[in-house]
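One structure below.
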Amino acid sequence: MNSYQIHIVQWPDAASSLRAVRETVFIHEQHVPEELEWDTFDAVSMHVLATDPAGEPIGTARLLPDGRIGRMAVLKPWRNRGVGSAMLRHLVDEARNRGLTEVTLSAQVSASAFYEKHGLQINGDTFIEAGIPHVKMSRRF
């Protein structure tokens, strides 16, 4: 049994939890400028929220209507414990359920092996985003 739960949430209903995780991971750990981080939110995306046994937010990600997966964020103490994998599985399953034929994302180069384990493939050159090397990745169904 997992010590965390994955929830499908809407942005307006879970905004404070989603923001708390993303602020910790992206703004404080990775030093992404705040204005770059918050412009990625929208009400039409499907969001997943991972919570610990007490219901506190520990991870988040989103699926845009066109099949793009927004940046996944997992708090440090919860990394390498299956949280990111569970969130990614939910997003891919939802993309299939919506009739999409592909998911895409921009992954940090350092995280590309994680996504490759889940069937995504690199399909572009390395580029810099917020000072961090990234690659485009995709998975067709």
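Here is how the numbers come out for the structure above:
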quantity: Filter result (part of a helix (DSSP H, G or I), open to solvent by 10 Å² or more (accessible area, probe 1.4 Å), touching a residue at least 24 places away in the same chain (Cβ under 8 Å) and farther than 25 Å from P133 by Cα) within the stretch 53-110; calculated: H90, E94, R96
quantity: Restricting the stretch 1-20 to residues that are in a loop (DSSP other than H, G, I, E, B) and open to solvent by 30 Å² or more (accessible area, probe 1.4 Å), the residue that is nearest to E94 (Cα to Cα); calculated: Q10
quantity: Residue within the stretch 125-137 that is under 19 Å from V25 (Cβ atoms), assigned to a loop (DSSP other than H, G, I, E, B) and not acidic (D, E) present; calculated: yes
quantity: Residues that are under 15 Å from R68 (Cβ atoms) and surrounded by 13 or more Cβ atoms within 10 Å (Cβ to Cβ), drawn from the stretch 111-141; calculated: Y115, L120, H134, V135, K136, M137, S138, R139
quantity: Tally, over the stretch 1-12, of residues that are in contact with a strand residue (DSSP E or B) (Cβ under 9 Å, 6 or more places away or on another chain) and at pLDDT 75 or above; calculated: 7
quantity: Considering residues of the stretch 21-50 that are within 26 Å of D93 (Cβ to Cβ) and surrounded by fewer than 17 Cβ atoms within 10 Å (Cβ to Cβ) only, the residue modelled with the lowest pLDDT; calculated: T40
quantity: Top-ranked residue in the stretch 102-137 [being within 15 Å of M72 (Cβ to Cβ) and among the hydroxyl-bearing types (S, T, Y); ranked as farthest from the chain's Cα centre (by Cα)]; calculated: S110
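The values are calculated or read from the model by the stated rules, or taken from the named source; none is laboratory data. Computed from a predicted model, the values in this text were never measured in an experiment. Cβ: placed from backbone, ideal geometry, glycine included. Neighbour counts: every protein chain shown. Areas reflect the complete protein model, heavy atoms only, side chains present, ligands, DNA and RNA absent. Shrake-Rupley method; radii C 1.70, N 1.55, O 1.52, S 1.80 Å.
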